[in-house]
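Heads up, the thing below is written out as C-alpha cells.
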Amino acid sequence: MTDLQRRLADVRASLPESVQLVAVSKFHPAEFIREAYDVGQRIFGESHVQELQEKRAELPSDIEWHFIGHLQTNKVKYIAPYISLIHAVDSVRLLHEIEKQASRCGRRIPCLLELHVADEATKYGFTVDEARSLLLGDELHSLPHVQVRGLMCMATHTEDTSQIHREFASAYALYREVKETRFAHDDTFGLRSWGMSHDYSIAIQEGSNMVRVGSSIFGLRQYI
Ligand SMILES: *Cc1c(COP(=O)(O)O)cnc(C)c1O
C-alpha cells in the first residue's frame, strides 16, 4: 500500500457507511487518481474544466467525475456529456445553461444547489431564502433536464467550531424543510454535500452524507 492509499483508507474508515466520499483531486496529477482508483475509489472531484477534461482522457471510463468548483456558464457544454454531479450550482442563469446543454446531450444532469451559509463575502451560492423559493417554486418545472438532487455548502474557514456547526446546521434545516414538502416522494433528492478535510467530522454530525476531501488524501496541492 502506498502512503496515499493508506491515507485514503484512514479517511474511509472514519466515515459512516451512509456517507459518500468524493476524493478531491484538483491540482493533483492523474497518477494520484490512479493510485486511489486502484484501491476502489471511483468518485473524484475536480474544480477546473480544462484540468478535468485532460485527466478524464487518460483515466478509466468508470470514474464518476463530480464538478465541485464554481462553474462558468460558458464551460458547461464541455462537461455536460459525462459529468456525474455538479455540486456548486450558484445561480439561476447557470441552471438554465445546464438545462440547455443537458437537453442537447439528451440527458438529465444531477445537480446540487450551493448555499451561501459562510460568513465570507467572496463565497458563491444562494442564500437560504433564495434557495427555498427556487426549490419550492415553479421554475424547476421549466428545467426538465436538470435533476436537483440536494444541497451543497462550505462553512467559514475558522477555528470556531460552534460557528461551523451552526452553518452546516442551517443548510441541513433547509434540506429537511424542502425534503419534507416538495421532495417527500422523490428519492432522487437526498444529497447533502458538506465537509472538507478540516471540517468533515463536524459536517457529518450536521447531516452531511457526502464529503469532499482533498488534502487529507492527496496531501498539499501541487500545480501541474
Ligand atoms: C478544494 C475543495 C475541497 C477539498 O478541500 P480539502 O481542504 O483539500 O479537503 C472541497 N470542496 C471544494 C468546493 C473545494 O474547492
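The values are calculated or read from the model by the stated rules, or taken from the named source; none is laboratory data. For clarity, every value in this text was computed on a predicted model and none was experimentally measured. Note: ideal-geometry Cβ built from the backbone for every residue, glycine included; neighbour counts use all protein chains shown. Remember, those area values only see protein heavy atoms, side chains included, never the ligands or the DNA or RNA. Shrake-Rupley method; radii C 1.70, N 1.55, O 1.52, S 1.80 Å.
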message: The conditions are (1) closer than 17 Å to residue 23 by Cβ; (2) in a strand (DSSP E or B); (3) open to solvent by 10 Å² or more (accessible area, probe 1.4 Å), and residue 211 fails exactly one of them. Which is it?
response: (3)
statement: Among helices (runs of 4 or more DSSP H) entirely inside segment 15-120, those with 2 or more residues being among the small types (Gly, Ala, Ser) are 30-38, 92-105
field: Unmet criterion (only one of (1) charged (D, E, K, R); (2) more than 9 Å from the ligand (Cβ to nearest atom); (3) over 21 Å from residue 128 (Cα atoms)) for residue 167
entry: (3)
message: Going by what's in this entry, would residue 99 be described as closer than 20 Å to residue 188 by Cα and more than 16 Å from the ligand (Cβ to nearest atom)?
response: yes
query: From the set of residues in segment 56-82 that are free of Cβ contacts under 8 Å to residues at least 40 places away in the same chain and within 15 Å of the ligand (Cβ to nearest atom), which is farthest from residue 116 (Cα to Cα)?
result: 65
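Quick check on this structure: which one of 82, 78 is more than 23 Å from residue 169 (Cβ to Cβ) and open to solvent by less than 70 Å² (accessible area, probe 1.4 Å)?
On the way: 78 fails: open to solvent by less than 70 Å² (accessible area, probe 1.4 Å).
Matching residue, one of 82, 78: 82.
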- request: Give the residue, chosen from 140, 151, that is away from the ligand (no atom under 14 Å from the Cβ) and aliphatic (A, V, I, L, M).
  value: 140
query: If residue 113 passes every condition in (1) over 20 Å from residue 71 (Cβ atoms); (2) open to solvent by less than 40 Å² (accessible area, probe 1.4 Å); (3) without any contact (Cβ under 8 Å) to a residue 40 or more places away in the chain; (4) within 16 Å of the ligand (Cβ to nearest atom) but one, which one does it miss?
result: (1)
- request: Sort through 70, 66 and tell me the only one that's within 15 Å of the chain's Cα centre (by Cα), open to solvent by 50 Å² or more (accessible area, probe 1.4 Å) and modelled with pLDDT of 95 or more.
  value: 70
